[in-house]
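Notes follow the structure.
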Protein chains: 2
Amino acid sequence: MNKIQETFGIKYPIIQGGMIWCSGWRLASAVSNAGGLGLIGAGSMTPDLLREHIRKCKAATNEPFGVNLPLIYTHSEEMIQVVIEEGVKVVFTSAGNPAKYTKYLKDHGLIVAHVVANVKFALKCQDSGVDAVVAEGFEAGGHNGREETTTLALIPQVRKAVSIPLIAAGGIATGAGMLAAMALGADGVQIGSRFAASEESSAHDAFKKAIVEASDGSTVLTLKRLIPVRLIWNRFTREVEDMQTTGVSNEALLKKLGSGRARLGMFDGDTEEGELEIGQVSGLIDSILPVNDIIQNILSEYKSVQKQLLEEKFIF
Amino acid sequence: MNKIQETFGIKYPIIQGGMIWCSGWRLASAVSNAGGLGLIGAGSMTPDLLREHIRKCKAATNEPFGVNLPLIYTHSEEMIQVVIEEGVKVVFTSAGNPAKYTKYLKDHGLIVAHVVANVKFALKCQDSGVDAVVAEGFEAGGHNGREETTTLALIPQVRKAVSIPLIAAGGIATGAGMLAAMALGADGVQIGSRFAASEESSAHDAFKKAIVEASDGSTVLTLKRLIPVRLIWNRFTREVEDMQTTGVSNEALLKKLGSGRARLGMFDGDTEEGELEIGQVSGLIDSILPVNDIIQNILSEYKSVQKQLLEEKFIF
């Protein structure tokens with residue numbers, strides 16, 4: 001067992017990233033049943049809805065699962081109470097300061113991981129007693145760090161700085177990608193986009209189809225002046241990018257953004273006017289598969305690439 | 001021998017990226033003598049100076065070496081004549097269309113590689129008869145693709161699309177990075193930043209020091225409206241970024257840029273007013289070393305990480 005398998009009590013060191021509008025109880029329990037760690041993405045939920053998803057997830061799996069909690073919402077403390085009351089064992093926090101809730105969560109018996117995009121916050125995680133740090137690179141979908149450090153550059157720098165278990169995120173969808181992340185110093189991987197396009201994902205079929213059709217260059221990190229987010233290019237994204245190059249105010253951008261854009265695109269399936277949050281690795285995803293097949297494919301490719309590296313690639 | 005070792009007749013599938021103001025005959029010959037492929041970076045040279053560097057490089061090594069020719073200059077054809085007249089065996093072209101000169105270069109007996117940043121141009125390389133394609137990710141220093149695809153996302157997508165030998169570039173400075181690139185489907189690696197901070201690099205000591213002092217977040221991809229280039233944050237970079245967010249004209253940006261900014265920073269050592277072109281992986285570089293040590297360190301780390309992957313990382 002490596003550090004990530006041990007920390008979370010899971011069979012394979014594969015975490016399913018918590019994703020708004022994609023990862024409810026159905027996806028999370030499928031990933032946990034397949035030997036990974038499923039995460040309910042609480043970012044798009046009210047406290048009541050989160051409670052419902054946790055209860056359904058408990059009914060659907062006996063394996064460990066967790067909740068991803070972005071710490072940017074006003075109801076964060078209420079969400080934390082739900083997680084504790086419902087006896088969830090694992091929390092992945094993101095988009096905030098790990099010093100704020102880690103001690104409280106750990107005092108209530110939770111295993112805590114926190115998502116970062118730079119070395120400074122990885123160190124802060126370690127100092128705060130976080131059990132594992134997720135380092136996420138620029139290629140990741142959805143909200144993203146301001147330094148724009150890619151997974152390939154970020155993981156070895158975080159590895160050098162901290163000794164706690166390290167999970168690589170951003171740009172990983174395959175066994176080859178997982179092996180690359182492990183070579184760079186990760187103990188496990190967090191995979192989002194590949195699971196967004198799974199059968200068990202709650203994303204709208206039109207969004208899943210957009211992921212499958214994406215190629216390299218289909219996404220862009222936009223809205224950098226507000227909170228950077230990686231989206232598929234569509235009418236909305238093009239209009240926002242055009243506004244930004246002409247130097248409009250943040251107020252005008254916020255007005256254009258409005259509310260509910262992510263739900264509109266990812267859950268309701270308006271692929272031109274909605275926000276479609278997905279990673280660059282969507283260019284590699286060409287099918288919608290059941291979660292169990294996705295994980296088995298990753299594992300078998302991991303093995304075969306490992307063999308290639310030893311026997312064919314470069315022998316000296 | 002793998003495909004890259006065979007194609008270029010080199011001991012290790014490690015290419016030293018051609019870099020303006022860093023990679024003259026001294027660096028290129030040192031890399032070739034150490035078993036990699038050294039490239040003279042012709043981008044900052046006149047045809048006469050290139051001829052001088054080629055002659056000195058031939059005198060300094062009996063191993064294969066090459067010339068990197070960015071195809072954006074008005075004197076590209078004159079440079080090609082110099083390369084042919086001087087009997088250089090290898091050319092890496094970049095920043096242009098591979099269809100333009102590849103046949104001509106190959107008809108004159110040269111081995112040709114071309115640098116791309118997306119799948120479309122990788123396919124164009126293959127169609128043009130290029131011997132090897134270099135796929136370079138967003139994290140790379142200097143001039144860079146517009147799609148911003150990272151090495152981790154780009155290499156498997158290019159690998160899926162083409163069957164010609166594939167060299168990964170961008171974000172690679174170590175044996176772990178090289179192994180990750182090979183896992184993703186590359187047959188070899190192109191390394192720039194690590195060699196820019198070598199003893200044999202012709203960069204100014206102040207620039208080498210800036211590379212060693214860089215951490216994650218020290219660089220930014222800027223000047224996107226002109227030609228995107230990754231630079232270290234300094235006074236010049238901050239001023240340019242500020243100008244861009246206020247929506248100034250391209251003319252104003254060009255005026256601010258002026259001429260000779262790269263030479264000023266990288267060769268003359270003005271680290272505040274000059275352009276300092278370097279990759280995100282500079283955050284991992286903490287010493288100025290002789291080329292031979294750099295290559296031996298990469299190889300020994302490659303071996304040890306390969307062993308870790310097999311014996312410790314994740315066994316199933």
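The values are calculated or read from the model by the stated rules, or taken from the named source; none is laboratory data. Because the structure is a prediction, the values reported are computed rather than measured. Positions of Cβ are generated from backbone atoms using ideal geometry, with glycine treated the same way; all protein chains shown enter the neighbour counts.
Restricting attention to region A:7-35, the residues being touching a His at 6+ places or on another chain (Cβ under 9 Å) and among the aromatic types (Phe, Trp, Tyr) number 2. I need every pair where a residue in region A:201-219 that is more than 17 Å from B:Gln157 (Cβ to Cβ) has its Cβ under 7 Å from the Cβ of a residue that is of a type in the set (D, E, K, R), sequence separation at least 6 or different chains. Cβ pairs passing all conditions: A:Ser201/A:Lys208; A:Ser202/A:Arg26; A:His204/A:Asp268. Could you check region A:4-29 and list, in sequence order, the residues that are among the hydrophobic types (A, V, I, L, M, F, W, C), within 14 Å of chain B (Cβ to nearest Cβ) and touching a residue at least 60 places away in the same chain (Cβ under 8 Å)? Selection gives A:Ile4, A:Phe8, A:Ile14, A:Ile15. Within region B:261-277, residues that are among the basic types (Lys, Arg) sit with their Cβ atoms under 9 Å from residues that are assigned to a helix (DSSP H, G or I), at 6+ positions apart or across chains, in these pairs: B:Arg261/B:Phe236; B:Arg263/B:Ser44. For region B:123-143, the candidate set comprises residues that are crowded, with 24+ Cβ neighbours inside 10 Å and not aliphatic (A, V, I, L, M); within that set, the residue that is nearest to the other protein chains (Cβ to nearest Cβ) is B:Glu139. Of the helices (runs of 4 or more DSSP H) that lie entirely inside region A:141-201, those containing 1 or more residues that are touching a Gly at 6+ places or on another chain (Cβ under 6 Å) span A:151-161, A:193-196.
Here A:Ala173, A:Ala183, A:Ala252 are screened, and the one residue that is crowded, with 24+ Cβ neighbours inside 10 Å, free of Cβ contacts under 8 Å to residues at least 12 places away in the same chain, touching a helix residue (DSSP H, G or I) at 6+ places or on another chain (Cβ under 9 Å) and not aromatic (Phe, Trp, Tyr) is A:Ala183. Here is the figure for region A:198-216: residues that are crowded, with 20+ Cβ neighbours inside 10 Å and farther than 24 Å from A:Asn292 by Cβ total 1.
Scanning region A:209-228 for any residue that is within 14 Å of chain B (Cβ to nearest Cβ), at positive phi and either in contact with a Lys or Arg (Cβ under 9 Å, 6 or more places away or on another chain) or not in a loop (DSSP other than H, G, I, E, B) (or both) turns up at least one such residue.
Taken over region A:11-36, the residue count meeting the criterion of being over 13 Å from A:Val291 (Cα atoms) and of a type in the set (D, E, K, R) is 1. Summed over region B:102-147, the residues that are at pLDDT below 95 and of a type outside the set (Gly, Ala, Ser) give a count of 3. Inspect all residues belonging to region A:236-251 and state whether any of them is more than 13 Å from chain B (Cβ to nearest Cβ) and farther than 26 Å from B:Phe138 by Cα. So far as region A:236-251 goes, yes, one or more of its residues are more than 13 Å from chain B (Cβ to nearest Cβ) and farther than 26 Å from B:Phe138 by Cα.
Of these, A:Pro165, A:Pro156, which one is modelled with pLDDT of 95 or more and at the interface with chain B (Cβ under 7 Å from one of its Cβ atoms)? Walk me through how you get there before you give the answer.
On the way: A:Pro165 fails: at the interface with chain B (Cβ under 7 Å from one of its Cβ atoms).
Being modelled with pLDDT of 95 or more and at the interface with chain B (Cβ under 7 Å from one of its Cβ atoms) holds for just one of A:Pro165, A:Pro156, which is A:Pro156.
Here A:Leu223, A:Leu231 are screened, and the one residue that is under 25 Å from the mean Cα position of the chain (by Cα), among the aliphatic types (A, V, I, L, M) and under 16 Å from B:Gln244 (Cα atoms) is A:Leu223.
When the criteria are applied in full, B:Ile315 meets the requirement of being free of Cβ contacts under 8 Å to residues at least 60 places away in the same chain, of a type outside the set (S, T, N, Q) and over 20 Å from B:Ile15 (Cβ atoms). Residues that are touching a residue at least 24 places away in the same chain (Cβ under 8 Å), over 17 Å from A:Ala113 (Cα atoms) and within 14 Å of chain B (Cβ to nearest Cβ) occur in region A:30-40; there is at least one. Among residues of region B:289-303 being aliphatic (A, V, I, L, M) and either within 17 Å of B:Ala180 (Cα to Cα) or not assigned by TED's automatic domain parsing to the domain that holds B:Gly170 (or both), the one that is surrounded by the fewest Cβ atoms within 10 Å (Cβ to Cβ) is B:Leu299.
Considering the conditions (1) within 25 Å of B:Lys160 (Cβ to Cβ); (2) in contact with a Gly (Cβ under 8 Å, 6 or more places away or on another chain); (3) more than 10 Å from chain B (Cβ to nearest Cβ), A:Ile294 is excluded by exactly one of them, (2). Taking the condition within 12 Å of another protein chain (Cβ to nearest Cβ), within 15 Å of the chain's Cα centre (by Cα) and not acidic (Asp, Glu), does B:Gly171 pass? Yes; evaluated as a whole, the condition is true for this residue.
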